[in-house]
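Encoded as structure tokens, the structure appears first; notes follow it.
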Amino acid sequence: TYYSGYYTSGDSETYMGCFYEGQSIPLQPFALGQYEVTQELFTTIMGSEHEYTFKDEKHPAHNLNWYMAIAFCNKLSLKQQIEPYYTVIDSKKNTIDFETLEYSSIPTSSENTWTVTENNNSGYRLPTEMEWEFAARGGDPDSDAWNYAFPGTDNYDKTTSINNIKGDSNLDNYAYYDDSYSANDNELTTYGVGLKQPNTLGLYDMAGNVREWCNNE
């Protein structure tokens, strides 16, 4: 699904995100995956087993750094014969060839040996922070969903402390989260993607399960 527009929204409360009060932010048309990337898809595209804390092919890929996410986007583009979105230069000033890239050569978070630039091709990329928030909040600043504290839920109280998160009567329908606050008393782990209800745009796991990387880290 594609989303685009020009939006002014936000408030002065906690968790107001990117859309500050009185600030207009232009968004160009973009597409966003309906589900978090699964371990199965990540391993298939990257051609290597990744070390997961909670291993299950239908669970979201996790323990990834930003460089791994960038590499996945480029390799997925090449898999579908699309020009990659990112150009990457290593510490020796060589352009990375993602066709032959070995998984073990991707830098760790602390190494910071890649220089990443955007070439604006049509390849896969990470969403910007603004795009992600726009999608998570439901895509319509005039709707009630835009002002919910968590995607898909029915709680307007953005100032609620994490200890009172279970005060949202609808949260368990949309998100997995820390078991000490869960009405379902879930174990502290990841879960299969798309098993909870989607938000108003049909996007799953926009709250809970695992965090997602954005284009601007």
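The values are calculated or read from the model by the stated rules, or taken from the named source; none is laboratory data. Note that the coordinates shown come from a computational prediction; the quantities given were computed from them, not determined experimentally. Please note: Cβ atoms are built from the backbone with ideal geometry, for glycine as well, and neighbour counts cover all protein chains shown. We work out accessible area using only protein heavy atoms, side chains counted, and drop any ligands, DNA or RNA first. Shrake-Rupley method; radii C 1.70, N 1.55, O 1.52, S 1.80 Å.
Worth a mention:
- Here Ile82, Ile25 are screened, and the one residue that is β-branched (Val, Ile, Thr) and either in a loop (DSSP other than H, G, I, E, B) or in contact with a Gly (Cβ under 6 Å, 6 or more places away or on another chain) (or both) is Ile82.
- Taking each residue of the range 98-113 that is open to solvent by less than 60 Å² (accessible area, probe 1.4 Å) and looking for partners that are part of a loop (DSSP other than H, G, I, E, B) and polar (S, T, N, Q) with beta-carbon atoms closer than 6 Å, six or more apart or interchain, yields Tyr103/Ser48; Pro107/Thr113; Thr113/Ser91.
- Close Cβ contacts (under 9 Å, 6 or more residues apart or on different chains) running from residues in the range 68-85 that are farther than 17 Å from Glu49 by Cα and among the aliphatic types (A, V, I, L, M) to residues that are at pLDDT 95 or above and in a helix (DSSP H, G or I) comprise Ile82/Leu76.
- Restricting Leu78, Leu41, Leu101 to residues that are at pLDDT 90 or above, under 21 Å from Gly192 (Cβ atoms) and hydrophobic (A, V, I, L, M, F, W, C) narrows the list to Leu41.
- For Phe134: the one exception among (1) part of a helix (DSSP H, G or I); (2) closer than 30 Å to Leu201 by Cα; (3) more than 18 Å from the chain's Cα centre (by Cα): (3)
This table checks each residue for (1) of a type outside the set (A, V, I, L, M); (2) exposed (fewer than 13 other Cβ atoms within 10 Å of the Cβ).
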position	(1), (2)
Tyr52	yes, no
Asp56	yes, no
Lys93	yes, yes
Ile96	no, no
